[in-house]
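Everything on this sheet refers to the single structure shown next.
Where a number appears in this text, it was derived from the coordinates with a stated rule and is not lab data. No experiment lies behind these values; they were computed from the predicted model shown. Neighbour counts are summed over all protein chains in view; Cβ atoms, including those assigned to glycine, are modelled from backbone coordinates with ideal geometry.
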Amino acid sequence: MIKNLLVALPLTLALAAPSLAQEFPDRAMRIVHGFGAGGNADTVSRIMGEAISTNLGEPVVVESRPGAGGTVASGYVAGEDPDGYTLQLMVGGHAVAAGLYNELPYDSVNDFTFLSTIGQFPFFVAARAGEYESIDAVIEAALADPGSIVIGHSGVGSTQHLTGELLGLQTGADFIHVPYKGGAAASTALMGGEVNLIIDTGTVISGQAEAGVYDILAVTSADRWPDAPDVPTLNETVAPGFDVVSWTALGAPAGVPDDIVAILSGAISDALAQPDVRERIAALGANPGASTGAELQALVERQIAVWSEVIETAGIERR
């Protein structure tokens, strides 16, 4: 009798003790991002936080830890417990930082659990209305008079900056690159004639283009962007093979258990299937869509390789 009870005891305890995943989540979660309150990253974090909270039944708090192009937040998240309660809103700059900084307090791939993309978006090349007939005309002018075309961007080492450097490398054009404190400041510089071009997101450029102040000359994605079907790509015009698309995504510290990863990934996928969530993400200029964690990790690894090569070839000083 005693022997039978002892044999049955482990099975009884196993049945009585629910798995960690069955209990997850049972308290508030966090989405950490590395930029200022009210910006694009903050807005996307709140959209996703609300939807994930609805799906999982627990609050999701958005926490801003700005600094060093998002690396402060990445370092913080990498050091947190991999229990699924701390997530990070990642952006394309996560891959840029891996090539730009000599030393980071984390490994940009191995110290993270990659969950899913949220949205992807290209950059647009814009000039003052009437200044250039086409992107071909810009490159012709740059090749004829090296250093005559000035591109404004949102800061040294930003994805916008590196996109301009890549355009120069692929076309042979010698551009002057001028950093500003954000896309809005670069846009103001274009309006004031301080620069000839800017490369930035649709959210920065589209308003002035619709008002007739800017001409949008090209888009950086390999194919024409659905929201701007009349804008030619750099790929089809001056730089065959050119394809730069940035992104937002959700990740977590490395080591999150697989069953919790499955719950989080499912909640993200469900959120991005909701029409209102998709509309809000699309309103920020992105094409909303979930991915697998493996697909997101592969994207990050590819972009680290590309941006590292651009940084080295362009002679950009590593920090």
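What the table below lists for this structure:
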| item | result |
| --- | --- |
| Contact order normalised by residue count of the chain, Cα under 8 Å, 6+ apart, percent | 26 percent |
| Taking only Cα atoms of the chain, radius of gyration then Dmax in Å | 22.7, 95 |
| 0 to 90° range, to nearest 10: angle between helix 135-144 axis and the chain longest Cα axis | 60 degrees |
| Sorted by Cβ neighbour density within 10 Å, fewest at the top, the residues Ile176, Ile118 | Ile176, Ile118 |
| Degrees, to the nearest 10: 293-314 long Cα axis against longest axis of the chain | 30 degrees |
| CD proxy at 222 nm, helix term only [per DSSP H run n ≥ 4: -39500 (n - 2.57); per residue of the chain; nearest 500] | -13500 deg cm²/dmol |
| Top positive-direction residue, dipole computed over the chain with Cβ charges, set Ala127, Pro66, Thr201 | Pro66 |
| Cβ crowding within 10 Å averaged over residues, with 204-217, 70-83 ranked highest first | 70-83, 204-217 |
| Segment 124-219 - Debye-derived log10 I(q)/I(0), Cα point model, q = 0.12, 0.17, 0.26 Å⁻¹ | -0.30, -0.63, -1.55 |
| Rounded D (µm²/s) - segment 210-282, Kirkwood Rh over Cα pairs, Stokes-Einstein at 10 °C, 1.306 mPa s | 102 µm²/s |
| Using alpha-carbon coordinates, inclination of helix 258-272 to the longest axis of the chain, degrees | 50 degrees |
| For segment 184-319, radius of gyration divided by Kirkwood radius, i.e. Rg to Rh on alpha-carbons | 1.02 |
